[in-house]
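The values are calculated or read from the model by the stated rules, or taken from the named source; none is laboratory data. Since we're looking at a predicted model, the values are computed, not measured. Methodologically, a virtual Cβ is constructed for each residue, glycine included, from the backbone with ideal geometry; neighbour enumeration extends over all protein chains shown. Note: accessible area is taken over every heavy atom of the protein model, side chains too, but ligands, DNA and RNA are not part of it. Shrake-Rupley method; radii C 1.70, N 1.55, O 1.52, S 1.80 Å.
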Amino acid sequence: MDPSLVAAVRGFNRTVTQRIGALNDHYMGGARPLGEARLLWEIGDGRDVRTLRAALGLDSGYLSRLLRALEADGLVTVTADDADRRVRVARLTAVGRKEREDLDRRSDDAAAAILAPLTERQQQRLVAAMAEVSRLMRAGAVEIEAVDPAHPDVQACFEAYFEDITVLFEDGFSRAAVLDPVVDVVLLARLGEEAVGCLALYEPEPGVCEVKRMWIHASTRGLGLGRRLLVEAESLSRQRGATAMRLETNRSLTEAIALYRSAGFVEVPPFNAEPHAHHWFRKEL
């Protein structure tokens with residue numbers, strides 16, 4: 001890693017934490033520190049504790065301490081969910097809702113104070129830069145791991161994949177007609193605890209790994225996740241002893257076709273009878 005890049009990120013972090021008041025014990029002049037204030041805002045109309053932990057990326061012990069502090073001040077209640085007693089749900093009390101409303105007002109004022117000294121052009125530049133930083137940090141938070149194809153998250157991704165291509169294929173789609181190989185492994189992409197992408201691999205013949213069902217959730221498209229999945233798939237294919245990769249795709253998926261070509265895949269004659277395929281690609285490893 002380039003040390004100058006690391007130094008730039010650290011400098012940015014110092015500027016932001018100071019400018020937004022994260023260094024103060026009483027965040028934005030309120031009654032509590034940043035961690036408690038953020039948790040109060042995230043609870044909103046009520047959320048289960050597991051979802052809160054995943055959304056904020058907090059250790060379960062630390063989250064419990066924050067919740068207990070808010071409970072002690074009469075802002076939050078944590079009870080078992082009516083539908084599933086194993087699930088604990090945090091909800092704001094009337095006092096908690098009032099403090100959250102006050103936090104919203106303070107947050108709006110703080111954001112306006114950051115923008116106010118700037119010209120209109122500078123304001124637009126700052127907001128655009130913030131959006132880009134948020135997008136890239138979101139991309140960096142995605143984790144990819146190889147999992148069993150039977151994993152429930154994988155099956156949910158496959159269902160979402162079929163739903164998407166049903167809409168995208170201009171010449172229609174028949175799930176019953178597609179070739180349905182038994183995949184060996186699936187690369188699953190997660191953002192927190194949410195599955196946001198997948199790519200399946202299987203070996204149709206010795207030394208060849210074939211890519212199937214690459215899918216990216218709409219919320220994470222444009223973050224480079226498709227390319228990351230392909231890179232991980234190539235690495236995994238090499239580990240499995242493959243000397244080539246291949247895939248087929250539909251002509252409607254123009255962005256995917258451009259990605260495959262830029263990743264080094266070369267168009268070849270058809271190697272299967274997939275009814276919805278118009279392009280076949282191969283890459284030597």
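Return yes when Ala37 is within 24 Å of Leu191 (Cβ to Cβ) and either part of a helix (DSSP H, G or I) or open to solvent by less than 30 Å² (accessible area, probe 1.4 Å) (or both) and no when it is not. Criteria met by Ala37. A count restricted to the stretch 149-169 and to residues that are open to solvent by 20 Å² or more (accessible area, probe 1.4 Å) and either closer than 16 Å to Leu225 by Cα or β-branched (Val, Ile, Thr) (or both) stands at 3. The residue of the stretch 257-284 that is nearest to Phe173 (Cα to Cα), among those that are modelled with pLDDT of 95 or more and in contact with a helix residue (DSSP H, G or I) (Cβ under 7 Å, 6 or more places away or on another chain), is His279. In the stretch 13-59, what residues are out of contact with any helix residue (DSSP H, G or I) (no Cβ under 8 Å at 6 or more places or on another chain) and among the hydrophobic types (A, V, I, L, M, F, W, C)? The answer is Val16, Ala54. Selection of first residues in the stretch 187-215 that are over 30 Å from Arg53 (Cα atoms) and of second residues that are open to solvent by 20 Å² or more (accessible area, probe 1.4 Å) and of a type in the set (S, T, N, Q), restricted to Cβ pairs under 6 Å at least 6 apart or on distinct chains, gives the following pairs, ordered by first then second residue: Gly207/Thr243. In the set Gly197, Gly222, Gly226, Gly172, only one residue is small (Gly, Ala, Ser), under 22 Å from Ala244 (Cα atoms) and either under 13 Å from the mean Cα position of the chain (by Cα) or exposed (fewer than 14 other Cβ atoms within 10 Å of the Cβ) (or both); that residue is Gly226. Only one of Ala72, Ala55 is surrounded by fewer than 13 Cβ atoms within 10 Å (Cβ to Cβ) and of a type in the set (A, V, I, L, M). Can you tell me which? Every option except Ala72 fails the conditions. Name the single residue, out of those in the stretch 1-22 being of a type in the set (S, T, N, Q) and surrounded by 11 or more Cβ atoms within 10 Å (Cβ to Cβ), that is nearest to Met137 (Cα to Cα). Step by step, filter the stretch 1-22, then rank; the result is Asn13.
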